[in-house]
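Participant: Next up is a structure, given as C-alpha cells.
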Amino acid sequence: MAGRRWTPDEEAFVILNRRRLTVAALARYLGRTERAVISWSYRNRVWPWTGSWYTPIDVARLLGVSRQHICRLCTRRVIRARRVPGMRRWLIPPEEVARLVREHRPDLWQRWQAGTPGARVGERPRPLTEREVRRAA
C-alpha cells in the first residue's frame, strides 16, 4: 500500500531536523508513521542520525541545486565548510546551512519559523544561479 507523496517542504524539514528530533517526533509533526520517515530516509540516503554537520547532498536538496554545485562553492570558500580528514568529502556546519536557507529560500525559512513546513504543498524549489550565489556571498 502506497501512502501520499512527500512534498519538498516535508523532505527539507526531515533533512534539517533529523539531528534534533527523534524519528517519532518527526513522524508526529509531519503526520506520518515512523516507518514512513525511516523508509524515506534510507531510500534517499538521508540517515536519521544525531551528528551536527550537513553533507553537500543535504544542502543541495534544500536549495534545489546539484551536489557538484555545492562542492564547487565549498572549494571556492563561498560556503564555509570543512573537509573530512583523509577524505574528499565536505561537511557544512548547521549555522551555515541556516544562513543559506535564510538567504536563498526565504519563503521556506519563514514557514519553518512559523512552524508550518507543509504550508505550500507541492512547491518545487527554483535552482540558484551562479550569479545569485556570488551576489549573496
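All of the numbers you see were taken from the coordinates with simple rules; none came from a lab. This structure is a prediction, so every number in the text was calculated from the model and none was measured. With ideal geometry, Cβ positions are generated from the backbone for all residues, glycine too; neighbour counts draw on all protein chains shown.
Participant: For the stretch 7-48, what does the relative contact order come out to in percent, with C-alpha contacts under 8 Å and a separation of six or more?
Facilitator: The normalised contact order for the stretch 7-48 reaches 31 percent.
Participant: Could you run the Karplus curve 6.51 cos²θ - 1.76 cosθ + 1.60 with θ = phi - 60° over the stretch 22-38 and give me ³J(HN,Hα) per residue in whole Hz, x for Gly and Pro?
Facilitator: Here the 3J(HN,Hα) series is 6, 4, 5, 5, 4, 4, 5, 5, 8, x, 10, 7, 4, 4, 5, 5, 5 Hz.
Participant: Once phi is turned into θ = phi - 60°, what whole-Hz ³J(HN,Hα) does the Karplus curve with 6.51, -1.76 and 1.60 give for every residue of the stretch 64-76, x standing for Gly and Pro?
Facilitator: For the stretch 64-76, the Karplus curve yields x, 10, 7, 5, 5, 4, 5, 5, 4, 5, 5, 5, 7 Hz.
Participant: Then there is this: Taking the Cα-to-Cβ direction at D107 and at E34 and moving 7 Å from each Cα, how far apart do the two end points lie in nm?
Facilitator: Inter-label distance under the simple model: 3.5 nm.
Participant: Order by neighbour count: I70, I57, fewest other Cβ atoms within 10 Å first, most last.
Facilitator: I57, I70
Participant: Which value, in Å³ per residue, describes the convex hull spanned by the Cα atoms of the stretch 7-48?
Facilitator: Per-residue hull volume (Cα only) is 58 Å³.
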